[in-house]
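Read the structure below first, then the notes.
What follows draws every value from the coordinates through simple rules; no lab data is involved. Model, not experiment: these values are computed from the prediction. As a convention, Cβ positions derive from the backbone with ideal geometry for all residues, glycine included, and neighbour counts pool all protein chains shown.
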Amino acid sequence: MLSVLIETRNDEENLPGTLASLISGLVEGAVREVIVCDRGSTDGTGSVAEHAGCTFLADGGITAGVRRAKSEWLLLIEPGARLVDGWTEAVLAHAMRHKMPARFSRSRSGRASFLSRVFSGNRGLAEGLLISKSQALALSRSGGDAEAVARGLATRRLTSEIRVAAPRR
């Protein structure tokens with residue numbers, strides 16, 4: 001039903017928490033595959049992905065991941081982000097009823113202060129992105145990164161929450 005794509009670069013420490021939050025979706029049959037699209041990691045990111053049973057793509061970035069995905073719906077999330085329990089119901093309901101992309105609501109627990117959110121920059125993937133494969137293919141053809149695919153899209157808001165990853169330095 002759903003292919004999860006995570007674009008990484010030296011995310012050995014951030015990736016395990018994100019993958020752990022996907023387990024309920026795997027058990028419930030909502031997640032068909034997890035593809036880790038790497039952009040030149042020099043740490044153990046590839047080992048973490050492979051030990052978790054993910055498909056690890058060392059080349060090609062998000063474009064290669066979108067092309068390789070087997071599902072009609074894709075979930076793009078940042079390494080370090082964590083989906084809150086119950087996320088699968090909201091994602092499946094959206095995929096059955098709508099065609100437009102969607103994003104999760106930010107979790108209130110662990111939420112950064114207003115000023116730190118304002119000054120951390122506007123990351124297109126901070127709230128994840130649920131998007132059809134055909135839309136993702138069209139947006140990723142320019143060879144950009146996952147942020148470029150997610151930025152500036154009109155989206156619906158899912159009822160489920162995400163714990164946003166800390167901004168990269």
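Tell me, which longest segment in the chain has none of the GluC sites (Glu not before Pro) that fall in DSSP loops with at most 13 further Cβ atoms within 10 Å?
On the way: sites that count: Glu13, Glu28, Glu72.
The answer is 73-169.
Using r as the Cβ-Cβ distance of Arg67 and Asp43, and R0 as 25 Å, what FRET efficiency do you calculate, to the nearest 0.05? Mind showing how you got there, number by number?
Details: r = 26 Å, r/R0 = 1.02.
After rounding to 0.05, the efficiency reads 0.45.
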Helix-only [θ] at 222 nm, the chain, -39500 (n - 2.57) per DSSP H run of 4+, per residue, nearest 500, equals -8500 deg cm²/dmol
Taking every other residue with Cβ under 14 Å from the Cβ of Glu33 and scoring Lys and Arg +1, Asp and Glu -1, one gets +3
In the stretch 2-163 the DSSP beta bridges are antiparallel at a rate, in percent to nearest 5, of 25
Placing each pseudo-label 7 Å from Cα in the direction of the beta carbon, Glu89 and Arg9 end up separated by a distance in nanometres of 3.9
Listed with the fewest Cβ neighbours within 10 Å leading, Asp43, Asp85, Asp38 appear as Asp85, Asp43, Asp38
